[in-house]
There are 2 protein chains.
Amino acid sequence: MKKTGRKSVRRKGFAVTIDEVASLAKVSPMTVSRVINGHSKVRDSTRERVMQAVQELGYIPNLAASSLAAAQDARIALIYTNPSAAYLRELLLGALHSAARAAAQLVIDDWDELDAGGERKAARALARSVAGVILPPPLCESKAVIEELVEAGVPVVAIASGRFNHDISSVRIDDFLASKEVTEYLIKMGHARIGFIKGHPNQMASTRRFEGYQAALKDAGIAMDAALVQQGYFTYRSALPAVEKLLALRKAPTAIFASNDDMAAAAISVAHRRGLDVPRDLSIVGFDDSSAATTVWPELTTVRQPISTMADSALDILLRTIRRKENDTKVVVDQVVAHQLILRDSVAAPATMSASKTQGG
Amino acid sequence: MKKTGRKSVRRKGFAVTIDEVASLAKVSPMTVSRVINGHSKVRDSTRERVMQAVQELGYIPNLAASSLAAAQDARIALIYTNPSAAYLRELLLGALHSAARAAAQLVIDDWDELDAGGERKAARALARSVAGVILPPPLCESKAVIEELVEAGVPVVAIASGRFNHDISSVRIDDFLASKEVTEYLIKMGHARIGFIKGHPNQMASTRRFEGYQAALKDAGIAMDAALVQQGYFTYRSALPAVEKLLALRKAPTAIFASNDDMAAAAISVAHRRGLDVPRDLSIVGFDDSSAATTVWPELTTVRQPISTMADSALDILLRTIRRKENDTKVVVDQVVAHQLILRDSVAAPATMSASKTQGG
DNA sequence: GTGAAAGCGCTAACAG
DNA sequence: CTGTTAGCGCTTTCAC
């Protein structure tokens with residue numbers, strides 16, 4: 001008679017509880033719990049009855065309670081430094097979603113102000129207070145941070161790290177393949193002089209993307225022209241001079257492949273400033289399918305990296321790892337998720353293909 | 001013998017608990033709790049002993065447990081439709097921060113796909129499942145949504161709503177004043193022909209910003225030129241034609257004040273496409289200080305709207321309201337937070353001020 | 001100023 | 001496939 005206890009000293013919350021759902025559906029709270037959590041061993045008719053009661057009452061499980069009861073109250077940290085707004089938005093949304101589903105306690109932290117030593121210290125402190133850590137780039141490349149965390153035995157999942165590091169789990173796309181596909185697409189459209197803007201050298205993903213570009217060129221029998229490759233740092237600003245250099249070339253490229261959308265947006269801006277029409281005079285492709293891709297005009301052809309889903313997966317892996325810890329089988333997984341080429345309006349066949357310069361005007 | 005119960009069926013979590021701290025400090029768990037939560041009635045010596053134990057053990061309170069026990073497990077919803085990535089990022093960060101601090105359970109929901117009827121239905125459902133709702137624009141202007149929520153007695157806080165609505169609490173900046181200050185700044189810099197790009201008409205903030213612009217002009221004795229005012233919809237794309245029209249004017253403006261940063265970024269883009277230098281040939285200011293403001297080049301002079309802090313405040317207000325509900329004193333607050341003019345590189349004195357066109361080149 | 005008891009809402013384990 | 005029991009870690013209330 002726990003729930004109806006009249007002499008209870010504590011005031012009950014206002015929210016609908018699992019017990020109310022249970023009594024409406026005429027089952028035990030446990031059964032409701034099973035339905036909510038998608039356990040399979042429930043008769044369909046029962047499940048339906050429960051679902052209906054849930055619907056009717058507008059029941060939303062109390063996360064605090066479930067997390068407490070399940071003792072999977074895993075406190076997991078999501079640490080970031082200086083990510084683009086779009087990126088962080090996706091990351092948060094994904095992690096939040098998964099955290100809610102799994103009743104995990106998310107600790108979001110910004111290490112922007114920290115130097116290398118500070119990161120090491122922060123990592124050490126973190127290791128004592130959370131059960132797992134999610135590391136997006138560029139932190140997932142920090143030897144110091146990873147070392148501290150691994151040493152302390154805290155499971156870590158790197159997101160979008162570019163490559164697998166055997167010390168920690170990772171959720172990523174195949175940057176090499178994605179980049180190769182983009183380049184191949186450009187080649188198929190008729191482009192032979194394709195400019196490339198590299199990403200920040202502190203991230204493996206940058207390297208992988210560049211390698212994909214090179215591989216596609218090689219496969220197509222196109223010789224690499226070093227002048228067509230410029231260094232960028234993933235920021236809009238960093239790409240400005242890179243694009244300027246590319247377009248100032250005597251034999252300017254007919255297409256530019258930027259290692260992320262921000263830099264592709266910069267390419268559009270520079271092209272416009274020089275009076276070029278995108279995509280007629282210059283095709284541009286980005287990478288990530290961040291919000292920048294659809295903010296600019298024309299909208300960017302790009303590669304979709306499902307950050308939100310990836311964050312979700314990362315949290316799942318962490319939770320599974322934590323729970324398995326009792327059997328202290330240490331497992332490191334490398335999950336490669338599918339990317340997707342998103343075709344929009346920033347790519348066309350090169351003008352020279354159709355009728356050289358006659359179209360100009 | 002609860003905690004040391006040897007025949008416990010449940011495995012205990014790995015984390016340090018309040019009981020461990022208590023026994024190390026040789027006090028009851030209750031006292032530890034009081035120390036942690038800053039209750040005053042604890043002897044200093046006791047407090048110190050507890051603190052030390054906390055330190056020593058690296059104890060971090062389990063949020064799930066405290067929120068459950070305190071029954072302040074207020075579930076509060078943050079609903080959004082189609083916000084810019086930067087905006088949502090700030091919103092989430094602020095709300096998350098506050099939620100963690102207050103042990104509230106955040107329910108994040110995306111109503112992008114809903115039509116007006118759907119919103120009404122969703123609002124009705126929501127009212128039954130959460131203790132409070134945070135509404136960013138443009139949802140905070142939806143009569144239907146607010147009606148349903150208010151009718152159900154759910155406290156609602158509107159963020160950045162542009163004006164106070166007596167039915168619901170709000171946290172906002174003074175859009176009118178901020179806009180007036182921006183315009184005055186432009187005038188002080190020597191601009192007299194100032195183009196204005198309005199925001200989406202479905203938001204009061206748009207109106208207030210326009211009014212601020214008008215007021216500053218009037219105060220300065222500058223006659224309003226209707227041709228200088230163009231409609232936008234807060235998106236980058238929507239501002240493109242608006243800016244084109246402005247710059248095609250025979251007497252083109254020397255400055256453009258866009259109602260948000262995205263549209264200001266579009267203005268820069270169009271200006272560049274037309275071969276204008278920003279700020280030499282055209283000054284541009286935005287509004288919000290979103291990430292777009294520092295992504296573009298030159299960086300935007302804009303008004304900082306502290307979204308993250310505002311979200312934090314909103315959650316606080318909600319929590320206070322919910323807790324006060326027992327005394328069923330319904331309170332609606334209107335909190336106006338300070339904005340800030342951020343001076344960056346997109347504004348200069350008009351070229352005609354210094355030496356007409358001699359500077360060109 | 002401090003402690004003991006009770007229970008927040010939920011779920012793991014074990015029966016049936 | 002479903003119910004019963006016993007807590008998860010913390011804080012409320014009330015006693016001392």
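The values are calculated or read from the model by the stated rules, or taken from the named source; none is laboratory data. Everything numeric here is computed off the predicted structure, so don't read it as measured data. No Cβ is skipped: glycine too gets one built from the backbone with ideal geometry, and neighbour counts run over all protein chains shown. Quick note on the areas: whole protein, heavy atoms, side chains included, nothing else; ligands and nucleic acids left out. Shrake-Rupley method; radii C 1.70, N 1.55, O 1.52, S 1.80 Å.
Suppose we filter segment B:83-98 for residues that are more than 8 Å from every other protein chain (Cβ to nearest Cβ), out of contact with any helix residue (DSSP H, G or I) (no Cβ under 6 Å at 6 or more places or on another chain) and part of a helix (DSSP H, G or I); how many remain?
Residues that pass the stated criteria total 1.
Restricting attention to segment B:55-76, which residues are more than 7 Å from chain A (Cβ to nearest Cβ), small (Gly, Ala, Ser) and in contact with a helix residue (DSSP H, G or I) (Cβ under 6 Å, 6 or more places away or on another chain)?
If the condition is that a residue be more than 7 Å from chain A (Cβ to nearest Cβ), small (Gly, Ala, Ser) and in contact with a helix residue (DSSP H, G or I) (Cβ under 6 Å, 6 or more places away or on another chain), then B:Ala74 is the only one that fits.
Looking at B:Ile76, B:Ile18, can you tell me which residue is buried (at least 19 other Cβ atoms within 10 Å of the Cβ) and away from DNA strand D (no atom under 12 Å from the Cβ)? Reasoning before the result, please.
Values: B:Ile18 fails: away from DNA strand D (no atom under 12 Å from the Cβ).
After ruling out the rest, the residue left standing is B:Ile76.
Based on what the data block shows, is A:His39 within 16 Å of DNA strand D (Cβ to nearest atom) and within 30 Å of B:Ile76 (Cβ to Cβ)? Don't jump to the end; show me each part of the working.
On the way: within 16 Å of DNA strand D (Cβ to nearest atom): yes; within 30 Å of B:Ile76 (Cβ to Cβ): yes.
For A:His39, the condition - within 16 Å of DNA strand D (Cβ to nearest atom) and within 30 Å of B:Ile76 (Cβ to Cβ) - is met.
Considering each of B:Ala248, B:Ala205 in turn, give the residue that is without any contact (Cβ under 8 Å) to a residue 24 or more places away in the chain and among the small types (Gly, Ala, Ser). Even if it seems obvious, please write down each step before you answer.
Working: B:Ala205 fails: without any contact (Cβ under 8 Å) to a residue 24 or more places away in the chain.
Result of the check over B:Ala248, B:Ala205: B:Ala248.
State whether one or more residues within segment A:246-258 are in a helix (DSSP H, G or I), open to solvent by less than 10 Å² (accessible area, probe 1.4 Å), touching a Gly at 6+ places or on another chain (Cβ under 6 Å) and farther than 20 Å from A:Ala160 by Cα. Let's see the steps before the verdict.
Filtering segment A:246-258 for residues in a helix (DSSP H, G or I) gives A:246-248.
From what's left, open to solvent by less than 10 Å² (accessible area, probe 1.4 Å): A:246.
Adding the requirement that they be touching a Gly at 6+ places or on another chain (Cβ under 6 Å) leaves A:246.
So of that shortlist, the ones also farther than 20 Å from A:Ala160 by Cα come out as A:246.
So far as segment A:246-258 goes, yes, one or more of its residues are in a helix (DSSP H, G or I), open to solvent by less than 10 Å² (accessible area, probe 1.4 Å), touching a Gly at 6+ places or on another chain (Cβ under 6 Å) and farther than 20 Å from A:Ala160 by Cα.
Limited to segment B:231-240, what total is found for residues that are out of contact with any Lys or Arg (no Cβ under 6 Å at 6 or more places or on another chain) and open to solvent by less than 70 Å² (accessible area, probe 1.4 Å)?
Residues of segment B:231-240 out of contact with any Lys or Arg (no Cβ under 6 Å at 6 or more places or on another chain): B:233-240.
Among the residues that remain, those that are also open to solvent by less than 70 Å² (accessible area, probe 1.4 Å) are: B:234-236, B:238-240.
Residues in segment B:231-240 being out of contact with any Lys or Arg (no Cβ under 6 Å at 6 or more places or on another chain) and open to solvent by less than 70 Å² (accessible area, probe 1.4 Å): 6 in total.
Which pairs do you get when a residue that is more than 8 Å from chain A (Cβ to nearest Cβ) and closer than 22 Å to B:Arg320 by Cβ, found in segment B:104-132, comes within reach of a residue that is in a helix (DSSP H, G or I) and open to solvent by 20 Å² or more (accessible area, probe 1.4 Å), reach meaning Cβ atoms under 6 angstrom, with the pair 6+ apart or on two chains?
Partner pairs satisfying both residue conditions: B:Gly132/B:Ile322.
Can you tell me which of (1) away from chain A (no Cβ under 14 Å); (2) within 12 Å of DNA strand D (Cβ to nearest atom); (3) part of a helix (DSSP H, G or I); (4) open to solvent by 60 Å² or more (accessible area, probe 1.4 Å) is the one B:Val50 doesn't meet?
Among (1) away from chain A (no Cβ under 14 Å); (2) within 12 Å of DNA strand D (Cβ to nearest atom); (3) part of a helix (DSSP H, G or I); (4) open to solvent by 60 Å² or more (accessible area, probe 1.4 Å), B:Val50 violates only (4).
Using beta carbons and a limit of 6 Å, which pairs, at least six apart or on different chains, have the first residue in segment A:180-195 and within 19 Å of A:Arg304 (Cβ to Cβ) and outside the structural domain of A:Leu240 (by TED's automatic domain parsing) and the second one at pLDDT below 95 and part of a loop (DSSP other than H, G, I, E, B)?
none
Going residue by residue through segment A:88-101, is there one that turns out to be surrounded by fewer than 21 Cβ atoms within 10 Å (Cβ to Cβ) and within 12 Å of DNA strand D (Cβ to nearest atom)?
no
Residue by residue through segment A:251-293, note down the ones that are of a type in the set (Lys, Arg), within 13 Å of chain B (Cβ to nearest Cβ) and over 24 Å from A:Ala226 (Cα atoms). Talk me through it step by step, then tell me what you get.
Narrowing segment A:251-293 to residues of a type in the set (Lys, Arg): A:251, A:273-274, A:280.
Now narrow it down to the ones that are within 13 Å of chain B (Cβ to nearest Cβ): A:273-274.
The answer is A:Arg273, and nothing else.
Does A:Gln214 qualify as being within 27 Å of the chain's Cα centre (by Cα), open to solvent by 30 Å² or more (accessible area, probe 1.4 Å), over 27 Å from A:Ala86 (Cα atoms) and more than 13 Å from chain B (Cβ to nearest Cβ)? Steps first, answer last, please.
Numbers: within 27 Å of the chain's Cα centre (by Cα): yes; open to solvent by 30 Å² or more (accessible area, probe 1.4 Å): yes; over 27 Å from A:Ala86 (Cα atoms): yes; more than 13 Å from chain B (Cβ to nearest Cβ): yes.
Considered against the rule, which asks whether it is within 27 Å of the chain's Cα centre (by Cα), open to solvent by 30 Å² or more (accessible area, probe 1.4 Å), over 27 Å from A:Ala86 (Cα atoms) and more than 13 Å from chain B (Cβ to nearest Cβ), A:Gln214 comes out as yes.
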